[in-house]
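A.B. asks: Handing you a structure now.
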Amino acid sequence: MKKNIFLMLLALCLLSNISYGFTHNSPLTELKIAIDNNYPPYFFKEENGKYQGILYDKWKKWENKTGIKVIFIAENWEEAIESVKSGEVHVLETAFYTAERAVFLEYGKPYADIKVPVFVKKDLFGINVLEDLKSYVIGVKSGDAVIEFFKASNITGIKEYDTYCDIINAAVSHNINVFSVDEPPALYYLNRM
């Protein structure tokens, strides 16, 4: 499975003084961006507590170029989605398109293709196609777009975790044998562990 990452600029909502308190004559002085606090290499926290990653650098350059202050609201993924729904933030970064999200998000053009593989313990045999996953419990991150994909494919053995790191730890501890994690953070954590 492949998903596109979209930048969620809610341009129409930014112009609405009802939803966000902006007026058409008020210049935008800050941009609040909800983002998964643990999505390496795009955005994550260093051991010293500072943020880093590709998107952190990108948005800081944008801030310097435009003079509009960027405020990251870095939280777990489900909370980031709720921040957008509630109108607390302007942008939801790294969101993949789903029909459910399209109800409340306005999508921009994708800027990256992200593979979303299913990882299987190497001593499990007979998993060759999507249907073969129906008899397994699959570790996924809460709020992840892959959940909607699995459910649409009648795969119901889904176990949700708060973070990708939690999923990898569960796999390393043999608590799950099958999981789906976006490829960049999966490779980051698998290499670290």
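The values are calculated or read from the model by the stated rules, or taken from the named source; none is laboratory data. Keep in mind that what you see is a predicted model, and the values were worked out from it rather than measured. Backbone-built Cβ (ideal geometry, glycine too); neighbour counts: all protein chains shown. Just the protein is used for accessible areas: all its heavy atoms, side chains included, with ligands, DNA and RNA removed. Shrake-Rupley method; radii C 1.70, N 1.55, O 1.52, S 1.80 Å.
A.B. asks: Ignoring ligands, DNA and RNA, please state the percent of accessible area on the range 27-111 from carbon and sulfur, probe 1.4 Å.
C.D. replies: Percent of accessible area from carbon and sulfur atoms in the range 27-111: 49.
A.B. asks: Turning to a different aspect of this structure: Starting from the Cα gyration tensor of the chain, take the square roots of the eigenvalues, sort them a ≥ b ≥ c, and report rounded, prolate or oblate (rounded when a/c is under 1.5, otherwise prolate if a/b is larger than b/c, else oblate).
C.D. replies: In terms of gyration-tensor shape, prolate.
A.B. asks: Less than 27 Å apart at the alpha-carbon level, and either on another chain or at least 8 residues along: which lysines does that give for residue 60?
C.D. replies: 3, 32, 45, 50, 69, 85, 109, 115
A.B. asks: Nearest 500 deg cm²/dmol is fine: what mean residue ellipticity at 222 nm does the chain get from its DSSP H runs of n ≥ 4 alone, each adding -39,500 (n - 2.57), divided by its residue count?
C.D. replies: The per-residue figure over the chain is -8000 deg cm²/dmol.
A.B. asks: Then there is this: Using 0.36 nm per residue, how much length does the chain from residue 123 to residue 173 gain when fully extended, once their Cα-Cα distance is taken away?
C.D. replies: Using 0.36 nm per residue and subtracting the Cα-Cα distance, I get 16.5 nm.
A.B. asks: Something else: Per residue, how large is the accessible surface of the chain? Use a 1.4 angstrom probe and give square angstrom.
C.D. replies: 55 Å²
A.B. asks: How far, in nm, would the chain grow between residue 26 and residue 99 when pulled straight, counting 0.36 nm per residue and subtracting the alpha carbon separation?
C.D. replies: Value of the extension gain: 23.0 nm.
A.B. asks: Taking R0 as 30 Å, what FRET efficiency do you get between residue 156 and residue 86 from their Cβ-Cβ distance, rounded to the nearest 0.05?
C.D. replies: Efficiency, rounded to the nearest 0.05: 0.55.
A.B. asks: Another question about this same structure. Step through the residues of the range 107-121 one at a time and calculate ³J(HN,Hα) from phi using the Karplus curve (6.51 cos²θ - 1.76 cosθ + 1.60, θ = phi - 60°), rounding each to whole Hz and writing x for Gly and Pro.
C.D. replies: Going residue by residue, I get 9, x, 6, x, 10, 7, 9, 10, 6, 10, x, 9, 9, 10, 3 Hz, with x marking Gly and Pro.
A.B. asks: A further question on this structure: Under 8 Å for C-alpha pairs, at least 6 residues apart: give me the relative contact order for the chain, rounded to a whole percent.
C.D. replies: After rounding, I find 27 percent.
A.B. asks: Using a Gaussian network model on the chain with a 10 Å cutoff between Cα atoms, which of 56, 42, 111 fluctuates the most?
C.D. replies: 111
A.B. asks: Additional query: Calculate the dipole size of the range 40-193 relative to its Cα centre from +1 charges on Lys and Arg beta carbons and -1 charges on Asp and Glu beta carbons; express the result in debye to the nearest 20.
C.D. replies: 400 debye
A.B. asks: If you place +1 on the Cβ of every Lys and Arg, -1 on the Cβ of every Asp and Glu, and leave all else neutral, what size is the dipole of the range 66-112 about its Cα centre, to the nearest 20 Debye?
C.D. replies: With Lys and Arg at +1 and Asp and Glu at -1, about 260 debye.
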